[in-house]
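Taking it in order: structure first as structure tokens, then the write-up.
A short reminder: the numbers here are calculations on the coordinates, not readings from a lab. Quantities reported herein were computed from a predicted structural model and do not represent experimental measurements. Positions of Cβ are generated from backbone atoms using ideal geometry, with glycine treated the same way; all protein chains shown enter the neighbour counts.
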Amino acid sequence: MIDDMLRTPEAIRDAERWTAHNYHPLPVVISSAEGSWLTDVDGRRYLDCLAGYSALNFGHRHPTLIAAAHAQLDRLTLTSRAFVHDQFADFCRELAELCRKDLVLPMNTGAEAVETGIKVARKWGYQVKGVTPGQANIVVAEGNFHGRTTTIVSFSTDEDARADFGPYTPGFTVVPYGDLAALTAAIDENTVAVLIEPIQGEQGVVVPPEGYLPGVRRVCTEQNVLFIADEIQSGLGRTGDTFACDHEGVTPDMYLLGKALGGGIVPVSAVAANADVLGVLRPGQHGSTFGGNPLACAVATEVVRLLATGEFQRRSTELGARLHAGLRSLVGRGLVAVRGRGLWAGLDIDPALMSGREACERLAERGVLAKDTHGATIRLAPPLVITEEEIDHAVAQLAAVLAG
């Protein structure tokens, strides 16, 4: 009788009926949220330990970001890039300063930022480096996740993401992640860039060996190749520094940013680089109607200002240490391994116990939301506004799930 009164089952059936089945969501239907907490259509609350794959670094409905969005909605939302609007320059300047770069190119989604980075690197290769026309290649890593466009899945090693979407875009060389010797050997006279995630999120929050990122930086400099860091998931405070590259004192030639840049309100992405790189573009050669729109800029400027205080990077460092200590205590008690940095963790569950999907379903039953990937691995990426008590609660619920 109680189930007949719940709204969740019908809402899920309707969603399944009217959408393409390109996702397999957990059976939860969210209707409202604030901070680190979500509420479903039946009034049940859940602790969000996914944060929109890092798009919600500042939590749900952060008051500063919501206020910026409301104020801008009452004034101006879109002009296209045919005109300049009054929010544009501040956003680009403040983001460029945060990245320690000369220029910013705003787009919308993370995949658009990656596509932009690829196009800019190729154009730079032809116009600046002198690569043979039509022969530019980019070195990428196994286990990468940079988006879902046809070009990007062309160099994916995940068959679910890649299979049956060919013919594939050429111009990419795939090497093992974390293997500096293999990366170095793959570079030739037509290589224009190395494109990597400083930490591989979709693969299970895989942190490369110490010294790998400085090695990539050194090799790229020696070979006159652009180092492109995809910090779409790892950047903007997630790992305890503004960028994951900062942990090893590395500055790439190009940052690819997204997710948290929109504050969980609007899709915002960007490419940040110096003028000798982004300066290869001329009017008409690349663009986006919605890229850098007034609403996006108003929200994203406040995101940059939140990061400029350093508060969220400190929270990620301190609370991340608590999270990882709690998770490491479960190794040998249902967990095989724990990886990550800051408020970001990949957990390998003993496959003899359950799959990652099963673990996430059981966590959801206990009021904690997380996401599985690659079989028996789950990812935790709570909002940076989470509290110590909430972290302890999440770890306790995971322990209970693992204990059966």
> Packing-wise, with mean Cβ within 10 Å as the measure, how do 158-169, 69-80, 39-50 rank, highest first?
Replying inline: 39-50, 69-80, 158-169
> Reachable lysines from Lys119, Cα under 23 Å, same-chain residues fewer than 8 places away excluded?
Replying inline: Lys101, Lys129, Lys259
>> Below 8 Å, C-alpha to C-alpha, sequence gap of six or more: please give me the relative contact order for the chain in percent.
In response: 23
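Could you please rank Arg357, Arg333, placing first whichever residue has the fewest other Cβ atoms within 10 Å of its Cβ?
Numbers: Arg357 16, Arg333 10.
Ranking Arg357, Arg333 by Cβ neighbours within 10 Å, fewest first, gives Arg333, Arg357.
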> What full-extension length gain, to one decimal in nm, is calculated for Asp179 and Ala163 as 0.36 nm per residue of separation minus the Cα-Cα distance?
Replying inline: 3.2 nm
> Can you give the extra length, in nm with one decimal, that the chain gains between Arg366 and Leu6 once fully stretched, where that is 0.36 nm per residue apart less the Cα-Cα distance?
Replying inline: 127.9 nm
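Under a point-charge model restricted to the Cβ atoms of Lys and Arg (+1) and Asp and Glu (-1), what is the dipole moment magnitude of the chain relative to its Cα centre, in debye to the nearest 20? Walk me through the numbers on the way to the answer.
Values: 35 positive and 49 negative charges, 119 e Å.
Roughly 580 debye, rounded to the nearest 20.
Ordered by packing density, taken as the mean number of other Cβ atoms within 10 Å over each peptide's residues, highest first, how do 393-402, 209-218, 128-137 rank?
393-402, 209-218, 128-137
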>> At 7 Å along Cα-to-Cβ for each site, give me the label-to-label distance between Glu358 and Glu34 in nm.
In response: 3.8
> Ordered by residue, what ³J(HN,Hα) values in Hz, to whole numbers, does the stretch 26-38 give under the Karplus form 6.51 cos²θ - 1.76 cosθ + 1.60, where θ = phi - 60° and Gly and Pro are x?
Replying inline: 5, x, 10, 10, 7, 10, 7, 7, 7, x, 9, 10, 10
>> Considering only C-alpha atoms, what is the centroid distance from the stretch 116-142 to the stretch 93-107, in Å?
In response: 22
>> Full-extension gain between His21 and Val336, please, as 0.36 nm times their residue separation minus the C-alpha to C-alpha distance.
In response: 110.3 nm
> Looking at [x] 70, 52, 43; [y] 92, 55, 37; [z] 82, 58, 52, which value of Cα extents along the principal axes in Å comes from a calculation on the structure shown?
Replying inline: [x]
>> Taking the 0 to 90 degree range and rounding to the nearest ten, how far is the long axis of helix 294-308 tilted relative to the main principal axis of the chain, both from C-alpha atoms?
In response: 80
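Going by C-beta contacts inside 10 Å, put Phe172, Phe243 in order with the fewest on the left.
Ranked by crowding around the Cβ, least crowded first: Phe172, Phe243.
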